[in-house]
Amino acid sequence: MTTAQILSRARQEKRKVLTEIEAKSILGEAGITCTPTVLATSREKAVSVSEEFGYPVVLKVSSVDISHKSDAGGVKVGLKNRAEVEAAYDAIMTSCRAYAPGADIEGVSVQPMARPGTEVIMGMTRDKSFGPVLMFGLGGVFVEVLKDVAFRIVPIDGNDAAEMVDGIQGKKLLEGYRGKETADKARLQEMLVQLSTFVDATPGIEEIDMNPVFAYSDGAMVVDARIILSEE
Ligand code: ADP
Ligand code: MG
């Protein structure tokens, strides 16, 4: 489905939260690279999609009522064969039904396991006076505990994006600190500009959260994405 179709369907269903699959499809249309992610509405479908991708794969609960999937026991990574996919499917369903009894669960999303990279986050929030604001930071404790995040008001150009990427305290971690793989800063900057262009052109989006994005020496990949729509 196109971005316009996804947004109008969500509006019709009076939904504010998009699924991971919908969010990745929209971001993909904006040029932002995401792991290919396919919905499976049964255990058998989860297996067939996994076999098409090739192992290892990741299964995640797909429900508009469960936005923080790990908290619900809704994410299983590194699944290596059919038996592991079947067991993960059942475990996700059991755990998520217990965690959120009334939740409308459409199935699981299936995606290839992405190679580990430097974890970063990108997103958009709305400020009452400035409007949409983009955010960039390192993942995990860097954002949650240290609040090491750079912000810019939309729209941004390439120079703004470069300032954002170089503006975080932990920027050394993007530069191959202690033998780690360097992060492709040029691509991260380009993704921020793509996000800005998309946000600027698309009214009605309240919040975007790409967490985590895996950065590599050559490119970067969004492995989880969330989009929240504004009130009409
Ligand atoms: P949540 O809704 O809890 O944020 P995520 O989709 O972010 O769920 O998954 C939780 C964690 O699982 C991620 O932070 C990441 O470390 C790992 N993960 C998720 N998808 C993938 C993937 N395709 N490849 C590798 N690791 C993944
Ligand atoms: Mg996440």
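The values are calculated or read from the model by the stated rules, or taken from the named source; none is laboratory data. Computed from a predicted structure; not experimentally measured. Using ideal geometry, Cβ is built from the backbone for each residue, glycine included, and neighbour counts are taken over all protein chains shown. Surface areas here come from the heavy atoms of the whole protein model, side chains and all, with no ligands, DNA or RNA. Shrake-Rupley method; radii C 1.70, N 1.55, O 1.52, S 1.80 Å.
If the condition is being within 12 Å of ligand 1 (Cβ to nearest atom) and among the β-branched types (V, I, T), then the range 39-72 contributes V57, V58, V61, I66. Here the condition is being within 21 Å of P116 (Cβ to Cβ) and over 20 Å from the mean Cα position of the chain (by Cα); of Y55, Y99, Y89, it holds for Y55 alone. Scanning the range 95-130 for residues that are open to solvent by 20 Å² or more (accessible area, probe 1.4 Å) and more than 16 Å from ligand 1 (Cβ to nearest atom) returns R97, A98, P101, G102, D104, T125, R126, D127, K128, S129, F130. Filtered by the rule that a residue be within 14 Å of ligand 2 (Cβ to nearest atom) and open to solvent by less than 60 Å² (accessible area, probe 1.4 Å), the range 74-94 gives G74, V75. Candidates in the range 208-232 are the residues that are within 21 Å of V133 (Cβ to Cβ) and among the charged types (D, E, K, R); of these, the one that is least open to solvent (accessible area, probe 1.4 Å) is D224. Among the residues of the range 139-161, some residue qualifies, meaning at least one is crowded, with 16+ Cβ neighbours inside 10 Å and within 13 Å of ligand 1 (Cβ to nearest atom).
A quick yes/no check of all residues on (1) over 24 Å from Y99 (Cβ atoms); (2) open to solvent by 40 Å² or more (accessible area, probe 1.4 Å); (3) without any contact (Cβ under 8 Å) to a residue 40 or more places away in the chain; (4) not assigned by TED's automatic domain parsing to the domain that holds M122:
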{"residue": "I26", "(1), (2), (3), (4)": "yes, no, no, yes"}
{"residue": "L39", "(1), (2), (3), (4)": "no, yes, no, yes"}
{"residue": "E51", "(1), (2), (3), (4)": "yes, yes, yes, yes"}
{"residue": "K60", "(1), (2), (3), (4)": "no, no, no, yes"}
{"residue": "S67", "(1), (2), (3), (4)": "no, no, no, yes"}
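The residue of the range 110-144 that is farthest from ligand 2 (Cβ to nearest atom), among those that are farther than 15 Å from N211 by Cβ and either hydrophobic (A, V, I, L, M, F, W, C) or in contact with a Gly (Cβ under 6 Å, 6 or more places away or on another chain) (or both), is F130. Filtering the range 214-232 to residues that are within 15 Å of ligand 2 (Cβ to nearest atom), part of a strand (DSSP E or B) and either more than 14 Å from M191 (Cα to Cα) or in contact with a Cys (Cβ under 9 Å, 6 or more places away or on another chain) (or both) leaves M221, V222, A225, R226, I227, I228. Of all residue pairs spaced 6 or more apart or on separate chains, those with beta-carbon atoms under 6 Å, a first member in the range 99-115 that is of a type in the set (D, E, K, R) and a second member that is open to solvent by 80 Å² or more (accessible area, probe 1.4 Å) are D104/D65.
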